[in-house]
1. Going by Cα centres, segment 22-58 and segment 63-84 are how many Å apart?
2. What ranking, highest mean first, results for peptides 5-15, 73-83 when packing means the other Cβ atoms within 10 Å averaged over each residue?
3. Note down the nm distance, to one decimal, between modelled labels 7 Å out along Cα→Cβ at residue 76 and at residue 16.
4. Of the accessible area of segment 5-84, with the probe set at 1.4 angstrom, what percent is carbon plus sulfur?
5. Loop only by DSSP, 16 or fewer other Cβ within 10 Å of the Cβ. Give me the chymotrypsin sites (Phe, Trp or Tyr not before Pro) in segment 18-70 that pass, ordered by residue number.
6. Could you calculate the contour length gain from residue 66 to residue 26, that is, 0.36 nm times the residue separation minus the distance between their Cα atoms, to one decimal place in nm?
Amino acid sequence: MGKRGKFFYLGKKVEEIIGSILADDKPNSSILLIGRYGFDARNMCKAEQFNYNEENGKVYSVKYGNKVKLNFMTAHSSKGLTAENVIIINAKDETYGF
């Protein structure tokens, strides 16, 4: 997808938020990415900023590499868990959003 597609902008926004977290927190911060559906991680990783390993649920940032530990879960599977930092993906009022 080109540099103007919706997944590119989603990836850029998540990357920007990660940068803010790293600036405020210590390096090697862990961040939980929460989506409504499992395909939210795949969609975000259609952007060039991230890679997704479906086997272990890990999302990798191209820009920040090992400076940040990213983990993706659906809202349903993350119930009852806590995390230092959380980013909600696809928080839109639409069919597949929250």
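1. So the two Cα centres are separated by 7 Å.
2. Those peptides, ordered most packed to least, come out 5-15, 73-83.
3. 3.2
4. Roughly 50 percent of what the probe reaches on segment 5-84 is carbon or sulfur.
5. Qualifying residues, ordered by number: 37.
6. Here the segment from residue 66 to residue 26 would lengthen by 13.1 nm.
The values are calculated or read from the model by the stated rules, or taken from the named source; none is laboratory data. Treat the numbers as computed from the prediction; the structure is a model and nothing was measured. Every residue, glycine as well, gets a Cβ built from its backbone with ideal geometry; the counts of neighbours run over all protein chains shown. We work out accessible area using only protein heavy atoms, side chains counted, and drop any ligands, DNA or RNA first. Shrake-Rupley method; radii C 1.70, N 1.55, O 1.52, S 1.80 Å.
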